[in-house]
C-alpha cells in the first residue's frame, strides 16, 4: 500500500471541525495539534489512492482561510505496518471500500499536477538533457546501434512536456498548456538544430535502415504512438517512475526528429519531410492517447465550474488532435502514392 503523510495548517478554532469534515474517509492515522498562536496543525496518514478525496474535502471545508496550507509527502515506511483492505469491488477503474468510499487507482490530482508541471519546465536541465539525448540518438542512428539509441531515450526529455500538455487539456488549465507547449517547442527546435548540425559535420550512410525506416510513416507508427501515449499517462497517474516507460514514449518522439534533422543537414528534403510527418503524427497520437487515458482514470478538476471549463477545453483539444491526425494520415498516403 502506497501511503501519503499529509500536513495541514489551519486556524486553531477550526480544529474541532476536522473530524466531522473527514467523517467517512478511510484514514490510517489522524493527529491534531493546537499551536501557541492562531495556527493549528493536522497530521494525517492516508492511502495514496484516497489522498485526492482527502485533499478535496479539506480544501472545500477550510480552503477559504488565509493560513490554510496542505502539504502531501510520500511515505517510504511506517511501523507498525499498515494492513491492506481485505475486500474491494472493482468498477471502471475505481474501487469502493467497505464504507462505500470510492477511490481511483491512481495518485491524487494535485500530486499528478505537481509532477507534470515540474517535468514541463524548459529550464537549463531540460535543455541539457535534450542536447545530450539528441547527440547520443544521432550517433546511435548513424551507426545503426540499437543499444546506443535506447541509451539516448532513457532520459526521455520530451516525455514530461507532452504528458503535461495532455493533462492541461484534460483539466482546462491554460497556464500549464502554455508552459508545456513552450517546452515542447523549445525542445523540438533545439533537438532539430543539433541534428541538422550533426548531419552537416558528420558523415553517415543515408541508406542506413534505422534512418530510412523513420522516413516512411505507416499505420503501425500510429499504433505505436497511441500505445506510448497511454503508457506514459498511466505511468504518471500510477506513480511509477517515468523512466520505466520513458524509452517507449521516447522511441516515438526523439528518433524521428533526429532523423529529420540529419537529412535536412544533407539537403535530402524528401526524406526529411517524411520524418517530420512521423514526428507530427507521433506527437499528435501521444497527446490524444494521454488525454483519453487521463479521462479514463477520472482525472477531473476540483470544482464544478472548473470541470465545465475543462470539458470544453478537452473537446477542443481532442477535436484538434483528431483533425490533425486525419491530415497527417492523408499526407502519409500521399507520400506512398508518390513512391509508385
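The values are calculated or read from the model by the stated rules, or taken from the named source; none is laboratory data. All values reported here derive from a predicted model rather than from experimental measurement. Cβ: placed from backbone, ideal geometry, glycine included. Neighbour counts: every protein chain shown.
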- Residues of the range 57-74 being within 22 Å of the chain's Cα centre (by Cα) and surrounded by 15 or more Cβ atoms within 10 Å (Cβ to Cβ), which ones? 72
- Which one of the conditions (1) surrounded by fewer than 21 Cβ atoms within 10 Å (Cβ to Cβ); (2) touching a helix residue (DSSP H, G or I) at 6+ places or on another chain (Cβ under 9 Å) does residue 220 fail to meet, given that it meets all the rest? (2)
- What are the residues in the range 33-56 that are buried (at least 16 other Cβ atoms within 10 Å of the Cβ) and touching a helix residue (DSSP H, G or I) at 6+ places or on another chain (Cβ under 6 Å), if any? 40, 42, 46, 52, 55
- For the range 138-159, does any single residue satisfy the condition of being surrounded by 20 or more Cβ atoms within 10 Å (Cβ to Cβ), modelled with pLDDT of 90 or more and under 21 Å from residue 233 (Cβ atoms)? no
- Which one is modelled with the highest pLDDT among residues in the range 330-340 that are surrounded by fewer than 16 Cβ atoms within 10 Å (Cβ to Cβ) and part of a helix (DSSP H, G or I)? 330
- Query: Somewhere in the range 50-69, is a residue part of a strand (DSSP E or B) and in contact with a strand residue (DSSP E or B) (Cβ under 8 Å, 6 or more places away or on another chain)?
  - Reply: yes
- Message: Testing residue 273 on (1) modelled with pLDDT of 90 or more; (2) surrounded by fewer than 23 Cβ atoms within 10 Å (Cβ to Cβ); (3) within 18 Å of the chain's Cα centre (by Cα), one condition comes back false. Which one is that?
- Response: (3)
- Query: Can you name the residue in the range 102-113 that is at pLDDT 85 or above and in contact with a strand residue (DSSP E or B) (Cβ under 9 Å, 6 or more places away or on another chain) and is also nearest to residue 159 (Cα to Cα) among such residues?
  - Reply: 111
- Query: Can you name the number of the only condition in (1) in a strand (DSSP E or B); (2) surrounded by 12 or more Cβ atoms within 10 Å (Cβ to Cβ); (3) over 32 Å from the mean Cα position of the chain (by Cα) that residue 14 fails?
  - Reply: (1)
